[in-house]
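Please treat every number below as a calculation from the coordinates, not as lab data. Computed from a predicted structure; not experimentally measured. Please note: Cβ atoms are built from the backbone with ideal geometry, for glycine as well, and neighbour counts cover all protein chains shown.
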Amino acid sequence: MNDEKNNVYDAPIADLERRKPDGDAKILSMAKGQKLLIYGIVCYFLIIPARALFLPLAGLIMLAMVVFSIWGVIKILKGMETLLFIKITIFILLFIPLVNLIVMLLLNREVTKRLEYAGYDVGFLGVKNQG
């Protein structure tokens, strides 16, 4: 009657390690989208001095910000399982000044949490090793 497996007095054993990256397409899509979103945020902050110094350059940076942001959000929302209503709301909010920065920062925070939970090492400019 000396059964080691079914001892009711032992503490339960739980696996508390983070899950390892498995190359899931949704996670990789979110990682690539996060990089693009971060580039969009950097462009957002480059617009301020560019407006004061070089007016034509500010237009190019603004265009880059819009393209990076929209493409990044598309890739992120493709990887996240969100409702269509939320996706449409996020796209509408991307075209409102200052609100778009807040939306991009909130999306970046959410993606960072999900990527870290999946076992990826996330730095300042996104996932360090996607491969």
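Label positions at ILE86 and LEU125, each projected 7 Å from the Cα along the C-beta direction, are separated by 3.0 nm. Modelled label positions at LEU57 and ILE13, each set 7 Å beyond Cα in the direction of Cβ, lie 6.2 nm from each other.
Computed packing ranks the peptides 84-96, 42-54, 110-122 as 110-122, 42-54, 84-96, most packed first, by mean other Cβ atoms within 10 Å.
Inter-label distance, ILE48 to LEU106: 2.2 nm, where each label sits 7 Å from its Cα along the C-beta direction. A Förster radius of 35 Å combined with the Cβ-Cβ distance from GLU116 to LEU93 puts the calculated FRET efficiency at roughly 0.90.
Here the range 25-119 is assigned +1 on the Cβ of each Lys and Arg and -1 on the Cβ of each Asp and Glu. Its dipole about the Cα centre then comes out at about 160 debye.
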